[in-house]
Amino acid sequence: MQKLNRRNYKEYKIYPEKILQFGEGNFLRGFVDWQVQVLNQKTDFNGSVVVVQPRGSEKIERLNRQDGLFTLYLQGIKDGSPVNEHMVIDSISRGINLFTDYQSYIELAAKEELRFIISNTTEAGIAYDSEDKLENQPQKSFPGKLTAFLYHRFKAFSGDLERGCVIIPCELIGNNGTVLKEIVLKHAQNWNLGSEFINWLEQANTFCSSLVDRIVPGFPSDTINEKTDEVGYHDELMVVGEQYHLWVIEGPEYIKHELPVEGTGLNTIVVKDLTPFRTRKVRILNGAHTAMTPIAYLSGLDTVEEAVSDKEVGLFIRELITEEIIPTLEGDAAELGFYAEEVLSRFANPYIKHYLTSISLNSISKFITRNLPSLIDYLKQTNVLPIRMVFALSCMIYFYRGKRGEENICLQDRPETLQFFKSTWKMYENKEIELHDVAERVLSDKKLWEMDLNKISNLTSTVTKHLNVIEQLGVRNALKELSQTKFS
């Protein structure tokens, strides 16, 4: 059986390279690159995507072996009926390995047709790294790489104000476009790139905050043989996603013309303020994902569907959303309730195998963005801790012990975060510290949480209590015990 590439895909087309994409992962390919394909098919957009990696290079090499092609399965409810469809996405022209071919990255900056820069480097990706330098090839951080790219573009076009870019980050942090711009400007200043470049950054480029929404579990490892037989070729980069999608871009009106989504069926909108969309989605959908992951996984479950279908875990997720997250949100209660039911229905999509281990990537930074605001707001409103959210936090700390029974958990986070938890739990296992000390040590670390969580009234003692019960009974039995007491 042949492998998917341009030699055996007769419909392969070459488009001008209009988009630079930081991120080769499942989400951007199943969300942004799919939308670019729709624009190419239904409008005169006529553009392709060049992908660079924010971290390693393995997927870039696989992407180039398949000439940027991959198969996307969209599965779920569409227009009221269950739909399972697949298509080959050909909107990616190539991937650039920044570690072996940095020169191609610089040359891309000089392409006239390049207009958009899109990213998804997880919440941990938009961060300032003081060790980044312009002369690094590549820079360590995503903002460092972006600053260097824009500077090379500035030089290539001698500061032409018509050659700026529209930058649309998709990372789930508040005001992602504004935050990214601030870091880029900080690099420009600290690297002494000159006032003319800084003025060009300000005047020629548009940094848009954005909100993305589509569940993209990724590679269908459990059904790959069945899907390979169906499509008739081997595809190392096959992606599965749900039918539902939403992209809210906060930016000027002209973006509607440069990204001509109107009339295409794409649920992509350009607005002046995306705050209401973002808060609702990040706290309910993403917050539930992050909170459920350690609880469900340590309870012996592997997917989101299994979690919401499970008697104890499913009830926990529903009550977490309705009783502890929604009450902290502004807006119409009925509308928020409807959105929550829609989210729970999407979680239960029988077509989608969304593995909890995929969601667990960078869980600490995700909890800061998605869950900590709900915890703090609930406490402010009621003067009591949201016990389900605190239980989820406790389970996350236990999850970072790296064990599910006798099975090792493949934790994915920043090296310094993993080392911190490894040393903390090793101290406990060597009986150098107690669980109270584990809780206090973890919650006090400002590098993890951006604040000292021990200062939140009763949080440390409550987390300690949960850790003790989890250690004695296991997560599932600890959850049952809490449920029996009505979380009082």
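Derivation of every value follows stated rules applied to the coordinates shown; laboratory data play no part. From a predicted model like this one, the values you see are computed outputs, not experimental measurements. Cβ atoms come from the backbone with ideal geometry, glycine included; neighbour counts cover every protein chain shown.
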Which peptide among 38-49, 298-309 comes first, and what is the full order, when sorted by highest mean count of other Cβ atoms within 10 Å?
298-309, 38-49
Going through region 390-488, which GluC sites (Glu not before Pro) have at most 10 other Cβ atoms within 10 Å and a DSSP loop state?
Glu406, Glu432
Out of residues 5 or more away from Thr268 or on other chains, whose amide H comes under 5 Å of its own, with H placed 1.01 Å from N in the peptide plane?
Trp247
Compute the distance in nm between two label points, each set 7 Å from the Cα along the Cα-to-Cβ direction, one at Glu61 and one at Glu196.
4.2
Calculated FRET efficiency for the pair Lys431/Asp222, C-beta based, R₀ 60 Å, to 0.05:
0.90
Could you give me D for region 275-484, from Stokes-Einstein at 25 °C and 0.890 mPa s, where the hydrodynamic radius is the Kirkwood radius over C-alpha pairs? Units µm² s⁻¹, please.
142
Hey, with R₀ at 60 Å, roughly what FRET efficiency would Asp160 and Gln484 work out to, going by the Cβ-Cβ distance, to 0.05?
0.30
From the backbone phi of region 217-225, what are the Karplus-calculated ³J(HN,Hα) couplings (6.51 cos²θ - 1.76 cosθ + 1.60, θ = phi - 60°) in whole Hz, Gly and Pro given as x?
x, x, 5, x, 4, 7, 10, 5, 5
Other-chain or far-sequence residues with amide H under 5 Å of Lys403's (modelled H):
Ile409
Just to check I understand the Karplus step: with θ = phi - 60° and J = 6.51 cos²θ - 1.76 cosθ + 1.60, what whole-Hz values come out for region 420-430, glycine and proline as x?
4, 5, 4, 5, 5, 5, 5, 4, 5, 5, 7
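Can you figure out the FRET efficiency of Asp129 with Thr322, using R₀ = 45 Å and their beta-carbon distance, to the nearest 0.05?
Values: r = 40 Å, r/R0 = 0.89.
According to the calculation, E is roughly 0.70.
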If you line up the long axis of helix 26-42 against the longest principal axis of the chain, both from Cα atoms, how many degrees apart are they, to the nearest 10?
40
If you take the square roots of the eigenvalues of the alpha-carbon gyration tensor of region 43-133 and sort them as a ≥ b ≥ c, do you get rounded (a/c under 1.5), prolate (a/b over b/c) or oblate?
prolate
Rounded to one decimal in nm, the spacing of the 7 Å Cα→Cβ label points at Ile269 and Glu335 is 0.9
The ³J(HN,Hα) series, computed from each phi in region 378-391 with the Karplus coefficients 6.51, -1.76 and 1.60 at θ = phi - 60°, rounded to the nearest Hz and given as x for glycine or proline, is 4, 5, 4, 6, 10, 6, 10, 6, x, 5, 5, 5, 5, 4
Rg(Cα) / (2.2 N^0.38 Å) computed for region 374-462, rounded to two decimals:
1.14
With viscosity set to 0.890 mPa s at 25 °C, what whole-number translational diffusion coefficient in µm²/s follows for region 17-271 from Stokes-Einstein and a Kirkwood radius over Cα pairs?
131
Bounding extents of the chain in its principal axis frame from Cα atoms, largest first in Å, are 64, 54, 46
Taking amide H atoms as placed 1.01 Å from N in the peptide plane, list the residues 5 or more away in sequence, or in a different chain, whose amide H sits under 5 Å from that of Gln243.
Gln75, Gly76, Ile77
Extension gain Lys13-Lys403, at 0.36 nm per residue separation less the Cα-Cα distance, in nm?
135.7 nm
Which of Leu211, Leu98 has the fewest Cβ neighbours within 10 Å, and the rest in rising order:
Leu98, Leu211
